[in-house]
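Report on the following structure.
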Amino acid sequence: MAILFDAQTQIFQLHAGDSTYAMQVSPEGYLFHLYYGKHVSDSALGHLEVLGGGASFSPNPADAPRLSLDTALLEYPCGGTGDFRRPAVQVLEENGASGVQLHYVSHEILQGKPALPGLPATYLNDPAQADTLAVTLADEHLGLRVTLYYCAFAGQNAITRWAVLQNTGSQRLELRSILSACVDFPGSDFDMISLHGAWARERYVERHPLFHGGSTLQSRRGSSGHQLNPFAILCAKTATEEQGEAYGFHLVYSGNFLLDAEVSQMGGTRLSIGVNPYDFAWQLLPGENFTTPEAVLAYSGEGLGGITRTLHRLYRKNLCRGAWRDAPRPILINNWEATYFNFDADKLVAIARQAAKADIDMLVMDDGWFGKREDDQSGLGDWFVNEAKLGCPLRELVERVKAEGLRFGIWFEPEMISPDSDLFRAHPDWALHIPGQSRTLGRNQCVLNLTLPAVRAYLIEQLSAVLESTDISYVKWDFNRNLTEVFSPALPAAQGREVWHRYVLGLYEILEALNVRFPQILFESCSGGGGRFDPGMLYYMPQTWCSDNTDASERLKIQYGTSLCYPIASMGSHVAAIHQGGRQTPLSFRGGVAMAGTFGYELDLTKIPPDEILEMKQMNRNFRAWQKLTAQGDFYRLRSPFEGEECAWMFVSEDKREALVQYFRLRGTPDAWPPRLRLQGLAPDALYALEGWNRTLHGDTLMHAGLVIPNPQQDYTDYNIHLKQVDG
Ligand code: GLA
């Protein structure tokens, strides 16, 4: 049993893989946190209770002079009633009062895992994979019930949490804060690792010690954003890739998020994660429910790499869905960087013809095929094929591409509307706006108000019409600006601040409908590159375009940071031409970097010399031979591009019989010792043959003594070293 309850001590214990999470109902009915960390055997953990009474200026509940909520470790802290740290729940009554007091009511241990209505979430392939604890707390005065859900995955160090709030009273409640989870750690001796960035520089790794007050990661953009990811690690200050304790926190949500680590006066750390309370308010009428997004908690006793492998496995098997989840992904050629808006059917077919010579699987027609769209000034919303521009109907183009031996994919940016579009002329009120106030543009476009059912219906019908009109195998779903004037005249004034969250729910509703209607289509999410790379989108689309920056050396940093929490098979990465920033890198280097992802091309193949087409063909052969390993193997980071001129990582198959090591050298150093790479994750006693290196070494030798890489004297050198177990 993964979840235990001791009626005598009132202690709950969750065992997930090698981790334990424990909490206790106090005699006064508060739900106290006891422990989260490496697996422990004792269930009698009451001695870990932190009452925290007695601190001056930290009040105590009238019925419990022995304790102070301000200094106790709490599972779901409430605002306004004596805990001055960040609340998980804050509620306004009709009279304007704001104070919540939650007390234990009951609990249930459920087999399996309930779904989260309308929200993306991890799921089970077999009900025996996890159990879920549901603890119900209530504030009788408010008529508020809060059920806290804890799903403990049996074989993995992962627990997921969410909360359902229910109005059981007779007054209207206004939810001001409704986080998914809070974890109160008794110490603060942690570093925080987060992923920050900008357009073309997504998910750079940042590490800093915690400090008093708060370290806050958040989005106020309406999407998860390029700037910060809804992910953080708290780890021991000495933790490395291979060693030390680490905790990962990730929100399965694509809108405004908050992830905050607050160090308190007593030296504890409150980790809060959920929808950002910024500009948020939700009217909960009597009888209504509100479900928060799911938060994923991962524990590792073996460094940052342990968090990575737990999350990769969980997302690959329990978050991504559908036919494409485990299937080898097609090698794409996308025409964006080849042509931008300047293409017609003949040009695309010419690219497809070259692609066939390189054994590429699919041609993706990017932006510019619809409405009036010669540049980014117009046309979004008019999802009608521009046959005059293409020179033929879409069906004919698709048939011609298929005749070259390639499948066909297409680009949409459904959530947007150009002021210069037929859709806008017909429905100016469909764009998010505040009546009387001027509209803010981003890339010359506005955002559709997805809270309107008519907008959602239009998008589902219009996209379906295109997708059903011919044989389309892939959709790139783009989102190229953030939300402003976040208001919907259709909602009553009291619900004005619901639009941020309702937008995301509207998006999820559309994506769910299209997933159901087109189960055979591979969807790839995109937002000016990787501006909406989050677990919420991965539930609907198993891959996300990592970045508009396709320069391979820049990509190393982007993909290294992304790999901290996102599976390699989810990372859209292509080989591009040498025009970005003008940096010259060899084709092999560009190919090597793109192989640590979904793999494909983003260049004009009609301008590539025959010898490079042949080289691409060989790269594609290698990619296919190693694809199972890169897509489903365990991932280990060996050298960080943030620390020098090298980057290395490796993939190991689950049975450890096969591995692929990738080593990249940015600037070469003449006359230096050859690098020595200590590998990870191999079977120590097994003998591995290094393909093409005429060498056989044991796993322990490769992991402890290391593998010596020939000194790369030149800039932008890469090695792909394939290892296979041999019987020794
Ligand atoms: C975004 C995407 C690009 C491309 C363009 C098209 O920037 O990230 O890959 O699709 O839009 O406008």
Practice problem: Given the conditions (1) open to solvent by less than 20 Å² (accessible area, probe 1.4 Å); (2) more than 22 Å from residue 635 (Cβ to Cβ), report the number of the one that residue 716 does not fulfil. | Solution: (1)
Quiz item: Mind checking which residues of the range 503-558 are assigned to a loop (DSSP other than H, G, I, E, B) and either closer than 23 Å to residue 328 by Cα or free of Cβ contacts under 8 Å to residues at least 40 places away in the same chain (or both)?
Solution: 518, 519, 520, 521, 526, 533, 534, 541, 542, 546, 550, 551
Quiz item: Which of (1) acidic (Asp, Glu); (2) surrounded by fewer than 18 Cβ atoms within 10 Å (Cβ to Cβ); (3) within 19 Å of residue 162 (Cα to Cα) does residue 206 not meet, given it meets every other one?
Solution: (3)
Quiz item: Does the range 47-57 include one or more residues that are without any contact (Cβ under 8 Å) to a residue 40 or more places away in the chain and open to solvent by less than 20 Å² (accessible area, probe 1.4 Å)?
Solution: no
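Out of 604, 611, I need the residue that is more than 16 Å from the ligand (Cβ to nearest atom) and over 15 Å from residue 720 (Cα atoms). Which one?
Numbers: 604 fails: more than 16 Å from the ligand (Cβ to nearest atom).
Matching residue, one of 604, 611: 611.
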Exercise. Assess whether residue 452 counts as being surrounded by fewer than 21 Cβ atoms within 10 Å (Cβ to Cβ), hydrophobic (A, V, I, L, M, F, W, C) and within 16 Å of the ligand (Cβ to nearest atom).
Key: no
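Tell me whether the range 386-404 contains one or more residues that are over 18 Å from residue 473 (Cα atoms) and within 12 Å of the ligand (Cβ to nearest atom).
no
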Quiz item: Across the range 284-300, which residue is nearest to the chain's Cα centre (by Cα) among those that are surrounded by 17 or more Cβ atoms within 10 Å (Cβ to Cβ) and in a loop (DSSP other than H, G, I, E, B)?
Solution: 293
Quiz item: If you go through the range 83-102, how many residues are open to solvent by less than 50 Å² (accessible area, probe 1.4 Å) and closer than 30 Å to residue 7 by Cβ?
Solution: 6
Quiz item: Is there a residue in the range 603-624 that is without any contact (Cβ under 8 Å) to a residue 24 or more places away in the chain and within 28 Å of the chain's Cα centre (by Cα)?
Solution: no
Quiz prompt | Within the range 409-447, tally of residues that are of a type in the set (A, V, I, L, M, F, W, C) and more than 16 Å from the ligand (Cβ to nearest atom) | solution = 7
Quiz item: What number of residues in the range 219-236 are within 14 Å of the chain's Cα centre (by Cα) and open to solvent by 10 Å² or more (accessible area, probe 1.4 Å)?
Solution: 3
Quiz item: Quick one: is residue 315 among the hydroxyl-bearing types (Ser, Thr, Tyr) and surrounded by 18 or more Cβ atoms within 10 Å (Cβ to Cβ)?
Solution: yes
Self-check item: Scope the range 345-371; condition within 15 Å of the ligand (Cβ to nearest atom) and open to solvent by 10 Å² or more (accessible area, probe 1.4 Å); matching residues
Solution: 371
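In the set 503, 508, 566, 539, which member is touching a Leu at 6+ places or on another chain (Cβ under 9 Å), surrounded by 24 or more Cβ atoms within 10 Å (Cβ to Cβ) and over 25 Å from residue 362 (Cβ atoms)?
Working: 508 fails: surrounded by 24 or more Cβ atoms within 10 Å (Cβ to Cβ); 566 fails: over 25 Å from residue 362 (Cβ atoms); 539 fails: over 25 Å from residue 362 (Cβ atoms).
None of the others qualify; the one that does is 503.
Is at least one residue of the range 128-145 under 21 Å from the mean Cα position of the chain (by Cα) and either open to solvent by less than 20 Å² (accessible area, probe 1.4 Å) or basic (Lys, Arg) (or both)?
To start, the set of residues in the range 128-145 that are under 21 Å from the mean Cα position of the chain (by Cα) comprises none.
No, that holds for no residue.
Can you pull out the strands (runs of 3 or more DSSP E) entirely within the range 617-673 that have at least 2 residues that are polar (S, T, N, Q) and open to solvent by less than 20 Å² (accessible area, probe 1.4 Å)?
Values: elements: 634-639, 646-652, 658-665.
So the answer is none; nothing clears 2.
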Exercise. Filter the range 321-344 down to residues that are closer than 21 Å to residue 540 by Cα, open to solvent by 10 Å² or more (accessible area, probe 1.4 Å) and of a type in the set (A, V, I, L, M, F, W, C) and give me whichever is nearest to the ligand (Cβ to nearest atom).
Key: 324
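Answer with yes or no whether residue 376 is touching a Ser or Thr at 6+ places or on another chain (Cβ under 9 Å), within 13 Å of the ligand (Cβ to nearest atom) and open to solvent by 20 Å² or more (accessible area, probe 1.4 Å). Write out each step before concluding.
On the way: touching a Ser or Thr at 6+ places or on another chain (Cβ under 9 Å): yes; within 13 Å of the ligand (Cβ to nearest atom): yes; open to solvent by 20 Å² or more (accessible area, probe 1.4 Å): yes.
Spelling it out, residue 376 is indeed touching a Ser or Thr at 6+ places or on another chain (Cβ under 9 Å), within 13 Å of the ligand (Cβ to nearest atom) and open to solvent by 20 Å² or more (accessible area, probe 1.4 Å).
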Practice problem: Collect the residues in the range 473-497 that are away from the ligand (no atom under 16 Å from the Cβ) and open to solvent by less than 50 Å² (accessible area, probe 1.4 Å), keeping them in residue-number order. | Solution: 473, 483, 484, 485, 486, 488, 491, 495, 496
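The values are calculated or read from the model by the stated rules, or taken from the named source; none is laboratory data. Since the model is a prediction, treat every value here as computed from it, not as a measurement. Quick reminder, even Gly has a Cβ in these numbers, built from the backbone with ideal geometry, and neighbours come from all protein chains shown. Side chains are part of the model used for accessible areas, which takes the heavy atoms of the whole protein and leaves out ligands, DNA and RNA. Shrake-Rupley method; radii C 1.70, N 1.55, O 1.52, S 1.80 Å.
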